[in-house]
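Structure, as structure tokens:
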Amino acid sequence: MKGRFVKYPNTIIVSPMATKSLLLPSFLLILLSFSWDKSNALEGRKTIESNFHTLQLTSILPSSSCNPTNKGKRGGSSLEIINKHGPCSQLNQKGSKGPTVNEILAHDQARVDSIQARIAAQNFNLFRKTDKTSKKNRAKDSKTSLPAQSGIALGTGNYIVTVGIGTPKNDLSLVFDTGSDLTWTQCQPCLKSCFTQQQPIFNPSSSSTYSNISCTSTACSGLKSATGNTPGCSLSTCIYGIQYGDSSFSIGYFAKDKLTLSATDVFDEFMFGCGQNNKGLFGKTAGLIGLGRDALSIVSQTSAKFGKYFSYCLPTRRGSNGHLTFGKNSGVKSTIQFTQFASSQGTSFYFIDVLGISVGGKALAISPMVFKNAGTIIDSGTVITRLPSTAYDNLRSTFRQLMTKYPRAPDLSLLDTCYDLSNYTTINIPKISFNFNGNTKVDLDISGILYPNGISQVCLAFAGNGDDNSIAIFGNTQQQTLEIVYDVAGEKLGFGYGGCS
């Protein structure tokens, strides 16, 4: 009987009756095995390329030099956004000491606590599960989730823009915040206290267009919804007060003056807070610009021209800059994906519907009800995205499984999945994607996945809420480099790639 062989995917079995030379079958065995291994290697490489970021380690570390990007052509009124802790910030003067990563994350947690308390106070049972719980547990939840006082708003954010107030125009660098409504700045004569800011403090007596707002005006009564505090009155002048989750605060006159965004975008009688008693963690900024949904936010006050439409791109700490654009941005790419805003409580926050998360190309086994029960907002001032505990535990477990080749490092404040990458120059990091309502899938930039504290402590840039009932927050680290479009009038939010270029 002649020798014969049976061919399998990666081997050859030779009949024991074979009497002829085995040279040819052996050669074929080597060839086929090589082809099979090569095919597997190519397939594995494709998997890594499609589901992993392959990058130089130095590309994720903060830069010490400012490398601004080209602004390009944009419609509307466009302002430059700068990371106030980055090298492009004029607030970081030589010799000045900025906050540590631990301090930034501690302030971030104070902000998150404040957001969750504010939303819980608006409607305590809004995001509670509908299954039965004991009265004892409900009472405990009530006590821990309600704020110490109704006037608590939010903490400070990471990003600043410069606008002009007054006649002649005074340029003021303000923290921009989608979770706040009232715009305010420090004002002379600082009757009680002003913190140190880089630019001269605004002097209302030097502006020919400044005026205080009366206690009896409709605008004054509107401060309640914008700040959470009932306004006061002093010699017929409306007094605002706003306190933030980190114990920062601003109190002063409610006023109006000319707001200048650009040479052609000037708004008379813009209402803002003129702070006479200010204290807190605002760095060397001059105050805050509120981009929330309330009638007193800058979005609403400029709606006659911009139609409650704005967009931004948040830069990374690598030294680039971004933009905040009011009105439709002609530079926005046509590939923007939109998701409808979810039903919201109150008028400040922007709620969105998260349906799922993918890690390394794998959809996590998370019920959409986990996100629906908690609810989710997008927030420019929160640094680290917060997820319901079930979602975070699943994300963390999958991420760790795909990162076993890299040695672990100690936790960094609230970040509990960190790696020591000091012995690597090139790394492979699993991609992370968010799925939003409306078939909107957003792939995060690598800057939205890792939060470095030097090469020996690079952490997964997410944190868990500790339960499934607290509001989830899509934070600014995950938003970096994306074009984020707020069509407030159209009730939808858009995502695009390469927004800072």
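Numbers for the structure displayed
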read-out	value
Cβ-based charge dipole, the stretch 353-501, positive-most Cα from 458, 438, 371	458
Cleavage-rule hits, trypsin sites (Lys or Arg not before Pro), the stretch 356-462, DSSP coil, Cβ neighbours within 10 Å at most 13	405
Estimated inter-spin distance, residue 281 and residue 50, nm [label 7 Å along Cα→Cβ]	4.3
More than 18 Å apart - percent of Cα-Cα pairs taken over the stretch 418-501	55
Three principal axis lengths of the stretch 239-314 [C-alpha, angstrom, descending]	35, 29, 23
Most to least packed among 458-465, 262-269, 300-307, 286-293 [average Cβ atoms within 10 Å]	286-293, 458-465, 300-307, 262-269
Rounded FRET efficiency, nearest 0.05, which uses the C-beta distance separating residue 230 from residue 198 and R0 of 45 Å	0.85
Stokes-Einstein D (µm²/s) once Rh is taken as the Kirkwood radius of the stretch 159-204 over alpha-carbon pairs, at 4 °C in 1.567 mPa s	111
Quarter of the Cα convex hull surface for the stretch 378-475, i.e. its orientation-mean projected area (nm²)	6.7
Pairs of Cα atoms farther than 23 Å apart, the stretch 304-462, %	46
Accessible area, probe 1.4 Å, largest first, for residues 481, 285	481, 285
Restraint check, 224/308; 256/305; 372/492; 372/441; 224/279; 224/284, Cα-Cα greater than 23 Å	224/284
Other-chain or far-sequence residues with amide H under 5 Å of residue 239's (modelled H)	232, 233, 234, 254
Hull-based mean projected area of the stretch 159-276, where the convex hull spans the alpha carbons, in square nanometres	7.5
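The values are calculated or read from the model by the stated rules, or taken from the named source; none is laboratory data. All values derive from a computational prediction rather than experimental measurement. Virtual Cβ from ideal backbone geometry, glycine too; neighbours counted across all protein chains shown. When the accessible area is computed, the model is the full protein with side chains, heavy atoms only, and any ligands, DNA or RNA have been set aside. Shrake-Rupley method; radii C 1.70, N 1.55, O 1.52, S 1.80 Å.
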